[in-house]
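The values are calculated or read from the model by the stated rules, or taken from the named source; none is laboratory data. What you see is a predicted model; the values in this text were computed from it and never measured. We place every Cβ from the backbone using ideal geometry, glycine too, and count neighbours over all the protein chains shown. Side chains are part of the model used for accessible areas, which takes the heavy atoms of the whole protein and leaves out ligands, DNA and RNA. Shrake-Rupley method; radii C 1.70, N 1.55, O 1.52, S 1.80 Å.
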Amino acid sequence: MHVVVAAGAEGGGTIRPLGGTADRVPDLAAAVRSLEAAERPRWVWADARRVYPALLAAGVRLSRCHDVALTEGLLLGADARYGEPRQARAAHARLHGLPVPEDPHEAAEGHQPGGTQASLFEPAPAEDPASEAAMVAEVFEDQLRRVARTPDPGRFRLLVAAESAGALVAAEMRHDGMPWREDVHDELLTGLLGPRPAHGMRPAKLQTLADEVAAAFGQAVNPDSPQQIVRAFKAAGIEVPSTRSHVLKAVDHPAVAPLLAYKELARLHSAHGWAWAAQWVGGGRLRPEYVVGGVVSGRWATSGGGALQIPKVMRRVVVADDGWTLVVADAAQLEPRVLAALSSDRGLARAAGEIDLYAALAGAFGGARDSAKVAMLSAMYGGTSGDASKLLPVMRRRFPKAYAFVEDAARAGEEGRIVRSWLGRTCPPPSERWRRLVAGPEGARAARDRGRFTRNFVVQATAAEWALTLLAVLRGLLPDPARLVFFQHDEVMVHCPLGLAAEVRAAVGRAADEATRLLFGDTPVRFPMEAAAVACYADAK
């Protein structure tokens with residue numbers, strides 16, 4: 001049985017379980033709506049993906065929650081146990097020293113095979129003597145104790161709250177959907193690919209390019225087969241290690257141009273073509289499946305729908321409803337600003353107080369903005385090639401605390417240690433395979449690779465935390481009926497009536513300021529969010 005547990009206003013206090021069976025969803029929704037209106041409790045549940053969609057379908061929106069599965073994942077990471085089962089049943093088994101069950105593979109919110117809605121309530125295994133309500137409540141209380149034992153409980157509580165708020169936003173964005181003009185999409189695909197083909201056939205323009213590739217090689221070749229392409233080049237006297245675009249661009253052969261054009265259009269046809277739209281778009285809305293914290297750094301991923309990889313050419317399909325607008329905003333130069341706040345480097349923080357951080361840094365690099373950008377990115381990502389070798393010594397000399405911060409993180413990674421973000425998200429510990437590599441002839445290279453990962457992790461994971469906190473704050477500031485409909489790394493999109501555009505743009509700025517205060521307190525570092533109200537997503541860039 002999937003249950004909702006209402007906790008006290010601050011996440012503690014009296015636990016009041018609510019639950020029911022599949023035919024009692026309206027009764028539960030009414031009870032939840034009543035408590036939400038009267039007390040605004042922190043709702044505790046095993047997994048938002050299993051509970052919240054049905055509440056949204058019943059017209060219930062919640063202000064805040066504690067997601068047991070997401071919190072367990074954070075706590076396991078903090079204990080260097082990244083990747084262990086994180087569902088409530090697994091956490092309960094660990095708590096009692098019982099065999100830990102694997103997390104079940106669950107289809108995401110309401111997108112079951114055959115198009116049926118996932119049930120809010122499902123029977124618990126018969127062998128489990130505890131009700132799910134008691135189990136969730138017990139795990140929740142244990143998680144509060146474990147959070148209190150983390151190196152910085154205050155920051156970790158903010159991380160848990162932001163991650164759980166993200167679960168609400170993810171479900172709401174899928175429920176509300178991103179505006180998607182199906183007629184514009186079809187027109188765009190037809191212009192790029194030709195008329196919609198019969199099932200199993202290539203669109204006309206793809207077939208034309210495939211024929212050109214075959215003609216250039218003088219033999220039948222399937223451009224979708226890397227093995228056939230490599231063999232065709234070999235037959236022409238050209239050795240290629242792969243069919244990646246950057247490899248092919250260096251090859252002088254008449255098949256290259258049509259092959260590159262084919263690859264680009266085939267990718268569009270596969271990722272955002274007619275079959276994709278039939279599965280993920282309906283009623284003028286794109287409803288992808290978001291995965292909160294789906295990347296080790298805390299960035300989101302998708303398990304279907306590809307919302308986080310919308311190519312620029314497709315942005316013209318995202319069009320606001322009549323009388324509505326899209327408010328689109330992204331954080332400028334987010335990761336360098338995060339590094340400035342993390343390291344407390346006065347010089348870098350001073351530059352990060354300006355709208356264009358790289359322009360403010362240019363004076364340290366001979367007045368060249370591009371050089372400042374290369375130096376910053378090389379420091380954060382471990383780049384050493386090209387101009388980086390000349391610019392990094394300047395970075396080290398002019399911004400010593402910032403440079404030392406990422407160097408320390410890299411050294412920790414090379415030595416097999418773990419690193420943490422500002423709020424406490426922990427990188428995965430080194431694998432046994434990595435330890436074997438480090439002990440072997442490729443040890444230095446393996447160590448450097450992990451050092452580059454941890455160097456960037458501390459910055460990227462903290463940037464993800466800032467963005468997630470922004471999202472949580474903005475959600476609470478939006479006037480009804482404005483809705484968040486898109487979130488990607490450092491970018492948000494709100495769909496709202498035209499008359500609310502100014503209020504929404506102001507809310508974005510306030511949310512950015514509040515996220516900065518919550519994470520970093522009183523800091524000279526600015527995190528500007530450039531918000532634009534547009535009719536079409538393509539016009540925001």
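Quick notes on this structure:
- Filter pass, V319 being among the β-branched types (V, I, T), in contact with a strand residue (DSSP E or B) (Cβ under 6 Å, 6 or more places away or on another chain) and open to solvent by 10 Å² or more (accessible area, probe 1.4 Å): yes
- The stretch 457-490: number of residues that are basic (K, R) and part of a helix (DSSP H, G or I): 1
- Among (1) closer than 20 Å to F457 by Cα; (2) over 27 Å from the mean Cα position of the chain (by Cα); (3) at pLDDT below 95 - the single one G382 does not satisfy: (2)
- Residue in the stretch 71-79 that is open to solvent by 50 Å² or more (accessible area, probe 1.4 Å) and either at pLDDT below 50 or touching a Ser or Thr at 6+ places or on another chain (Cβ under 9 Å) (or both) present: yes
- Considering the conditions (1) modelled with pLDDT of 95 or more; (2) part of a helix (DSSP H, G or I), A444 is excluded by exactly one of them, (1).
- Residue in the stretch 420-432 that is open to solvent by 50 Å² or more (accessible area, probe 1.4 Å), more than 24 Å from V169 (Cβ to Cβ) and modelled with pLDDT under 95 present: yes
- Which numbered condition C496 misses (of (1) open to solvent by 10 Å² or more (accessible area, probe 1.4 Å); (2) on the phi < 0 side of the Ramachandran plot): (1)
- Condition met for P104 (out of contact with any Pro (no Cβ under 6 Å at 6 or more places or on another chain), surrounded by fewer than 22 Cβ atoms within 10 Å (Cβ to Cβ), more than 25 Å from G424 (Cα to Cα) and at pLDDT 95 or above): no
- From the list A255, A171, A210, the one residue that fits, being buried (at least 18 other Cβ atoms within 10 Å of the Cβ), within 30 Å of A57 (Cα to Cα) and of a type outside the set (V, I, T), is A171.
- For the stretch 321-347, the set of residues classified as of a type outside the set (K, R), within 27 Å of the chain's Cα centre (by Cα) and in a helix (DSSP H, G or I) consists of L334, E335, P336, V338, L339, A340, A341, L342, S343, listed by residue number.
- I355 passes every criterion in (1) assigned to a helix (DSSP H, G or I); (2) within 22 Å of A467 (Cβ to Cβ); (3) open to solvent by 10 Å² or more (accessible area, probe 1.4 Å) apart from (1).
- Residue within the stretch 430-450 that is in contact with a strand residue (DSSP E or B) (Cβ under 8 Å, 6 or more places away or on another chain) and of a type outside the set (D, E, K, R) present: no
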